[in-house]
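The values are calculated or read from the model by the stated rules, or taken from the named source; none is laboratory data. Since this is a predicted model, take the numbers as computed values, not measurements. Using ideal geometry, Cβ is built from the backbone for each residue, glycine included, and neighbour counts are taken over all protein chains shown.
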Amino acid sequence: MAVGAELAIETEGLTKTFGSVAAVDGIDLAVPTGSVFGFLGPNGSGKTTTIRILLGLISPTAGSWRLLGEAMPTADLRTLLRVGALIEGPAFYPWLSGRDNLARLDSAGPDGQARTRGARIGEALSRVGLSAAAGKKYRAYSLGMRQRLGLAAALLRPRDLLVLDEPTNGMDPQGTREIRHLVREVAGDGATVFLSSHLLSEVEQVCTHAAVMSDGKLLAQATLAELRAGGTPSLRVEVDDASRAAQLLEGLGLGDVRVVGSEVTAKLASLTPEACNRELVLAGVGVRALNMERPSLEDLFVALTGEGFDVAR
Amino acid sequence: MLLAELHFLFRRIRIRVMLAVLFLIPFLLTVAVRLSGGPASGNGPTFLDRVSHNGVFAALAGLTVTLPFFLPLTVSVVAGDTVAGEASLGTLRYLLTRPAGRLRLLSVKAVTLLVYSVLAGVVVAAGGLIGGAIFFPLGRVVTLSGTTISLGDGIWRTFLAAVIVGASLLGLAAIGLFVSTLTDVPVGAMAGTVGIAVLSAVLDAVPEVGAIHPWLLTHDWQSFPDLLRVPIVWTAIDKDLLLQLGYVAVFATAAWARFTTKDVLA
């Protein structure tokens, strides 16, 4: 049985080519059950294509994948009943109200449960803060409200896995905070959350794990702590004699030594900051302040993808 | 899911407007005949010259008038929208990950299409019958064979004609369903389907391609008046229905093959 599977999402050499272009190029994802997994990458890096493959919308050119422990695609796609998804933004019928849209989607499934439908819809709407606008036509919804309705659809049933593609797109800061809260809440109930985003701060704040994709390839995946530890930390000292300090640090084998006014920064190689401090003091350099700085996720992201948020292609 | 889909379809303004127009065309026809006195015997579209004697014929005249263009148009609109409409809104990806199941979703769409086609035929007949009953006397029906049948029998045959007209549209509906799986643009699917109906009608009018006439989608559409003969002549109607069945088999299979394997990128 799939319950208790160690990995909520597992792919092996997953590949999708459109024409001669590999949108997804042999990726091996491993999303641990119970994690909040950040799926990072610049626009056009293949995140959404990957999600579409995972959910059975696109068939991969090569490779295999498992969802919640079950090899996909299963003939009846029953596994998907346990998966809530927001894919490339919400999509609903403009001429129906929020509530009717959810009812239409719910009734399209193979598992009925019409009796509990009204109650489930009401609860999902209140979880995303849309109760007041439930009777309004979707056409009249703002971008943020549409996003909320999409989330409500993903939360219509108890889920073991939530796949959210850019869930805070178009939301104001208050909405973004609410979504973060919601993600934590869902994860707290034991569900795995697979969160695709290009907003690093979002991932840093809620995720336990992250993977970075670029140009169809998976560049890194690990826990957030491991990812952060992966980069080289840097040393920042404020001294009375900056040029002498820079000379000394270079002599110790630190890389990328830079002087800005009375401050010197350098990449800590194998040395500890305290060892550097001792050397500086012994050489007669007055140290006013000393800091070790871990690289931010953004630094890592840029280092890995070799770019900022530019479109990959 | 089927009931929900039917409810979903018939609450759309577009569908209601189309059905209202289908009702009004034969209804207004009776008004026009009433005001003008109607065409002389043997002139105008089939049955129209008989309307002033017996209102029942307004239903049959309505079917004759709407069958070449308006009925296929509305069926094309509904059929073209089935899959492409969901794709263009993006709701297709959510229905499929619900998961609705591709074959299941397509089957439900196909059945609603069938219901719509038959209902469209019945609505036209109803519009004519109601208009006919209001403006003209109803009575025993003089058949095309010259004999007379009871009013009840006449109305029953009219209803049967409406259902057969609806069934005649199923080949086109199946083509529309298939075209709809090819594109994410519903207007394109609708136009393509109408185009195929028009092409078939045009080819049917060109004697040089007479060899393919019996196989054309629209060739035997106007066979339903045979129901008004005593005894009923089934030859052309049977051939029409069989041909429609053939079109449905081919294009429903094609739609299935396409839809169950296609990459949903919308």
Exercise for the section: Show the residue pairs that are 6+ apart or on different chains and have beta-carbon atoms under 7 Å apart, the first residue being within region B:230-257 and hydroxyl-bearing (Ser, Thr, Tyr), the second being surrounded by 14 or more Cβ atoms within 10 Å (Cβ to Cβ). Expected result: B:Tyr247/B:Gly171; B:Tyr247/B:Ala174; B:Tyr247/B:Ile175; B:Tyr247/B:Leu217
Fill in the blank from the handout: The lone condition B:Ala266 fails out of (1) assigned to a helix (DSSP H, G or I); (2) within 14 Å of chain A (Cβ to nearest Cβ) is (1)
Exercise for the section: Go through region A:253-274 and give me each residue that's loosely packed, with under 11 Cβ neighbours inside 10 Å and in contact with a helix residue (DSSP H, G or I) (Cβ under 9 Å, 6 or more places away or on another chain). Expected result: A:Val260, A:Gly261
Completion exercise
Checked A:Ala211, A:Ala225, A:Ala220, A:Ala229 against criteria (under 30 Å from A:Glu12 (Cα atoms) and touching a Phe, Trp or Tyr at 6+ places or on another chain (Cβ under 6 Å)); the one match is A:Ala211
Problem - Total residues in region B:144-177, condition of a type in the set (Ser, Thr, Tyr) and under 30 Å from B:Ala257 (Cα atoms) - result: 1
Exercise for the section: Name the one entry in B:Leu227, B:Leu182, B:Leu245, B:Leu217 that is surrounded by 17 or more Cβ atoms within 10 Å (Cβ to Cβ) and more than 16 Å from B:Ala79 (Cβ to Cβ). Expected result: B:Leu227
Exercise for the section: Kindly establish whether A:Thr74 is free of Cβ contacts under 8 Å to residues at least 24 places away in the same chain and among the β-branched types (Val, Ile, Thr). Expected result: yes
Completion exercise
Flagged in region A:260-288 as of a type outside the set (D, E, K, R) and over 25 Å from A:Gly230 (Cα atoms), in numbering order, are A:Val260, A:Gly261, A:Ser262, A:Leu280, A:Val281, A:Leu282, A:Ala283, A:Gly284, A:Val285, A:Gly286, A:Val287
Practice task
Would you mind telling me which numbered condition in (1) within 26 Å of A:Arg146 (Cα to Cα); (2) buried (at least 23 other Cβ atoms within 10 Å of the Cβ) B:Pro72 fails?
Solution key: (1)
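Condition check ((1) out of contact with any Cys (no Cβ under 7 Å at 6 or more places or on another chain); (2) closer than 30 Å to B:Ala266 by Cα; (3) away from every other protein chain (no Cβ under 14 Å)) across all residues:
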site: B:Glu5; (1), (2), (3): yes, yes, no
site: B:Arg14; (1), (2), (3): yes, yes, no
site: B:Val21; (1), (2), (3): yes, no, yes
site: B:Ile25; (1), (2), (3): yes, no, yes
site: B:Phe57; (1), (2), (3): yes, no, yes
site: B:Ala61; (1), (2), (3): yes, no, yes
site: B:Pro72; (1), (2), (3): yes, yes, yes
site: B:Asp81; (1), (2), (3): yes, yes, no
site: B:Gly85; (1), (2), (3): yes, yes, no
Problem - Members of region A:90-112 found to be more than 7 Å from every other protein chain (Cβ to nearest Cβ) and aliphatic (A, V, I, L, M), listed by number - result: A:Leu96, A:Leu102, A:Ala103
Handout entry: Failed condition for B:Ala211, given (1) assigned to a helix (DSSP H, G or I); (2) touching a residue at least 12 places away in the same chain (Cβ under 8 Å)
Key = (2)
Problem - Subset of region A:132-155 (residues that are under 22 Å from A:Ala119 (Cβ atoms) and under 22 Å from the mean Cα position of the chain (by Cα)) - result: A:Met145, A:Arg148, A:Leu149, A:Gly150, A:Leu151, A:Ala152, A:Ala153, A:Ala154, A:Leu155
Exercise for the section: Evaluate the following for B:Thr46: is it crowded, with 24+ Cβ neighbours inside 10 Å and away from every other protein chain (no Cβ under 14 Å)? Expected result: no
Practice task
Determine which single condition B:Ile130 fails, assuming it passes every other condition in (1) touching a Pro at 6+ places or on another chain (Cβ under 7 Å); (2) in a helix (DSSP H, G or I); (3) surrounded by fewer than 24 Cβ atoms within 10 Å (Cβ to Cβ).
Solution key: (1)
Fill in the blank from the handout: Exception for A:Gly41 within (1) at pLDDT 95 or above; (2) more than 14 Å from every other protein chain (Cβ to nearest Cβ); (3) touching a helix residue (DSSP H, G or I) at 6+ places or on another chain (Cβ under 8 Å) falls at (1)
Handout entry: Residue check for A:Ile51: in contact with a Ser or Thr (Cβ under 8 Å, 6 or more places away or on another chain), of a type outside the set (D, E, K, R), more than 9 Å from chain B (Cβ to nearest Cβ) and touching a residue at least 24 places away in the same chain (Cβ under 8 Å)
Key = yes
Problem - Single unsatisfied condition, A:Tyr93 versus (1) modelled with pLDDT of 95 or more; (2) in a loop (DSSP other than H, G, I, E, B); (3) more than 25 Å from B:Phe8 (Cα to Cα) - result: (3)
Fill in the blank from the handout: Scanning region A:44-59 for residues that are under 13 Å from A:Phe194 (Cβ atoms), in contact with an Asp or Glu (Cβ under 6 Å, 6 or more places away or on another chain) and not in a helix (DSSP H, G or I) gives none
Exercise for the section: Please work out if A:Leu125 is more than 21 Å from B:Ala100 (Cα to Cα) and either at pLDDT 95 or above or assigned to a helix (DSSP H, G or I) (or both). Expected result: yes
Practice task
Give just the number: which of (1) at negative phi; (2) out of contact with any Phe, Trp or Tyr (no Cβ under 9 Å at 6 or more places or on another chain) does A:Gly253 not satisfy?
Solution key: (1)
Practice task
State whether the residues of region A:77-89 include one that is in a loop (DSSP other than H, G, I, E, B), at the interface with chain B (Cβ under 10 Å from one of its Cβ atoms), in contact with a Ser or Thr (Cβ under 8 Å, 6 or more places away or on another chain) and not aliphatic (A, V, I, L, M).
Solution key: yes
